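Asks: Have a look at this one before I ask anything.
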Amino acid sequence: MTGAPVGPDAVTDRALLTGSAYRDERDLVARQSLYRWQQPSYDLPGLVVDHLRDVRGTVVDVGCGNGKFIKRLNLDRPDLYVLGLDVSPGILDGVPRPVAVSDAEQLPLGAGSVEAALALHMLYHVSDIPRAVEELARVVTETGLVIASTNSEHDKAELDRLWEQAAADVLGIDRGPSRLSLSARFSLEEAPGYLGAAFRTVDVVELPGVIAVPTPGPVIAHMASYRAWAAQHDVPFDATLSRAQTLVERHIDQHGAFEINARGGLLICSK
């Protein structure tokens with residue numbers, strides 16, 4: 001990808017996010033779909049709905065992506081007024097209205113205008129995370145709730161090792177370059193510190209599990225969903241994917257499944 005931003009800034013580059021990574025929902029769906037094989041299985045939208053059980057009025061989903069959580073809220077809580085915001089116009093195409101294009105660092109909402117705000121697996125894409133957290137705190141009422149989510153710094157380590165081995169094989173070296181981590185800037189370990197600067201209470205709900213995938217396709221689709229950041233990996237992207245598929249096929253032939261340790265969680269915040 002000629003001209004792509006180099007280093008961690010690529011994770012927050014607005015042109016890359018809107019023009020490639022989240023131009024539509026395809027890559028996001030590939031990452032979401034991997035959890036189909038996780039045990040224990042977590043109904044993440046259902047958990048969010050449950051934490052909002054005492055909320056009435058307006059809920060804003062900041063960085064709503066393809067509207068997975070909005071659709072569930074509309075189904076289970078039709079009494080709520082749910083607004084979806086995202087930086088990418090393209091990914092909003094199939095999201096239930098109302099929606100708006102908006103930057104998390106400057107929300108188009110008045111102070112104390114919503115009863116709850118969601119920031120689910122998106123704060124690592126924000127350039128100024130403390131400012132975005134301040135915005136979330138600003139727009140919710142004094143008794144309001146903010147629910148954020150992210151992954152641990154130890155999440156899906158098996159995919160990291162798979163990438164490094166595949167890259168090493170392609171480059172003919174002992175250990176290949178590391179895979180880009182989207183959540184590293186706002187990991188589950190660091191998130192309470194960011195959120196605690198604006199909220200009195202931050203409760204962490206850890207959601208550990210093992211993803212045992214019986215076929216290579218979902219694993220490779222997940223890795224391929226990072227194509228927008230191909231230039232960040234210091235290795236031929238497609239060749240590395242091809243080698244990774246061979247390695248996964250070999251592993252599944254020997255063990256019956258490719259196992260990935262998932263380490264994600266919710267953060268429930270109140271003032």
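The values are calculated or read from the model by the stated rules, or taken from the named source; none is laboratory data. The model shown is predicted, which means the values in this text are computed figures rather than measured ones. All Cβ positions, even for glycine, are placed from backbone atoms using ideal geometry, and neighbour counts span all protein chains on display.
Asks: Go through segment 28-72 residue by residue and tally those that are touching a residue at least 40 places away in the same chain (Cβ under 8 Å), among the hydrophobic types (A, V, I, L, M, F, W, C), more than 18 Å from THR215 (Cα to Cα) and part of a helix (DSSP H, G or I).
Replies: At the first step, the residues of segment 28-72 found to be touching a residue at least 40 places away in the same chain (Cβ under 8 Å) are 28, 30-31, 33-42, 44, 47-48, 51-52, 55-66, 69.
Next cut, among the hydrophobic types (A, V, I, L, M, F, W, C) only: 28, 30, 34, 37, 44, 47-48, 52, 55, 59-60, 62, 64, 69.
Then keep just the ones that are more than 18 Å from THR215 (Cα to Cα); that gives 28, 44, 47-48, 52, 55, 59-60, 62, 64, 69.
Filter again for part of a helix (DSSP H, G or I), leaving 28, 44, 47-48, 69.
Qualifying residue count for the region: 5.
Asks: Here is a further query. Whether any residue in segment 219-230 is surrounded by fewer than 14 Cβ atoms within 10 Å (Cβ to Cβ) and more than 30 Å from LEU136 (Cα to Cα) is what I want to check. Talk me through it step by step, then tell me what you get.
Replies: Looking only at segment 219-230, we keep the residues that are surrounded by fewer than 14 Cβ atoms within 10 Å (Cβ to Cβ), and these are none.
No; the residues of segment 219-230 include none that is surrounded by fewer than 14 Cβ atoms within 10 Å (Cβ to Cβ) and more than 30 Å from LEU136 (Cα to Cα).
Asks: Just checking, how many residues over segment 229-270 are touching a Lys or Arg at 6+ places or on another chain (Cβ under 8 Å) and small (Gly, Ala, Ser)?
Replies: 2
Asks: Can you tell me how many residues in segment 89-123 are in a loop (DSSP other than H, G, I, E, B), surrounded by fewer than 23 Cβ atoms within 10 Å (Cβ to Cβ) and out of contact with any Leu (no Cβ under 6 Å at 6 or more places or on another chain)?
Replies: Let us first name the residues in segment 89-123 that are in a loop (DSSP other than H, G, I, E, B), namely 89, 93-98, 102-113, 121-122.
Now narrow it down to the ones that are surrounded by fewer than 23 Cβ atoms within 10 Å (Cβ to Cβ): 89, 93-98, 102-103, 105-113, 121.
Checking which are out of contact with any Leu (no Cβ under 6 Å at 6 or more places or on another chain) leaves us with 89, 93-97, 103, 105-113, 121.
Residues in segment 89-123 being in a loop (DSSP other than H, G, I, E, B), surrounded by fewer than 23 Cβ atoms within 10 Å (Cβ to Cβ) and out of contact with any Leu (no Cβ under 6 Å at 6 or more places or on another chain): 17 in total.
Asks: Looking only at segment 124-151, count how many residues are under 17 Å from LEU85 (Cβ atoms), in a strand (DSSP E or B) and within 15 Å of the chain's Cα centre (by Cα).
Replies: 3
Asks: Report yes if ALA100 is of a type outside the set (Ser, Thr, Tyr) and under 15 Å from the mean Cα position of the chain (by Cα), otherwise no. Lay out the reasoning, then the answer.
Replies: Details: of a type outside the set (Ser, Thr, Tyr): yes; under 15 Å from the mean Cα position of the chain (by Cα): no.
So ALA100 does not fit the description; no.
Asks: Moving on. List, please: which pairs have Cβ atoms under 7 Å, are six or more places apart or on different chains, and start with a residue in segment 96-116 that is closer than 20 Å to THR141 by Cβ and modelled with pLDDT of 95 or more and end with one that is basic (Lys, Arg) and exposed (fewer than 13 other Cβ atoms within 10 Å of the Cβ)?
Replies: Between residues of segment 96-116 that are closer than 20 Å to THR141 by Cβ and modelled with pLDDT of 95 or more and residues that are basic (Lys, Arg) and exposed (fewer than 13 other Cβ atoms within 10 Å of the Cβ), the close pairs are GLU115/ARG56.
Asks: Examine segment 205-217 for a residue that is closer than 17 Å to VAL133 by Cβ and buried (at least 18 other Cβ atoms within 10 Å of the Cβ), and state whether such a residue exists.
Replies: Within segment 205-217, the first condition is being closer than 17 Å to VAL133 by Cβ, and the residues that meet it are none.
There is no residue in segment 205-217 that is closer than 17 Å to VAL133 by Cβ and buried (at least 18 other Cβ atoms within 10 Å of the Cβ).
Asks: Under 6 Å between Cβ atoms, which residue pairs at least 6 apart in sequence (or on different chains) link something in segment 152-175 that is under 16 Å from PHE237 (Cα atoms) with a partner that is polar (S, T, N, Q)?
Replies: ALA166/THR240; ALA167/THR240; VAL170/THR240
Asks: Turning to a different aspect of this structure: Kindly establish whether GLY57 is surrounded by fewer than 14 Cβ atoms within 10 Å (Cβ to Cβ) and touching a strand residue (DSSP E or B) at 6+ places or on another chain (Cβ under 6 Å). Spell out the reasoning first.
Replies: Details: surrounded by fewer than 14 Cβ atoms within 10 Å (Cβ to Cβ): yes; touching a strand residue (DSSP E or B) at 6+ places or on another chain (Cβ under 6 Å): yes.
Against the criterion (surrounded by fewer than 14 Cβ atoms within 10 Å (Cβ to Cβ) and touching a strand residue (DSSP E or B) at 6+ places or on another chain (Cβ under 6 Å)), GLY57 qualifies.
Asks: Report the residue count in segment 60-82 for those that are more than 19 Å from the chain's Cα centre (by Cα) and not hydroxyl-bearing (Ser, Thr, Tyr).
Replies: Applying the first criterion (more than 19 Å from the chain's Cα centre (by Cα)) to segment 60-82 yields 74-82.
Next, only the ones that are not hydroxyl-bearing (Ser, Thr, Tyr) stay: 74-80, 82.
Number satisfying all stated conditions: 8.
Asks: Would you say ALA21 is buried (at least 18 other Cβ atoms within 10 Å of the Cβ), within 20 Å of GLN232 (Cα to Cα) and at pLDDT 95 or above?
Replies: Details: buried (at least 18 other Cβ atoms within 10 Å of the Cβ): yes; within 20 Å of GLN232 (Cα to Cα): yes; at pLDDT 95 or above: yes.
Yes.
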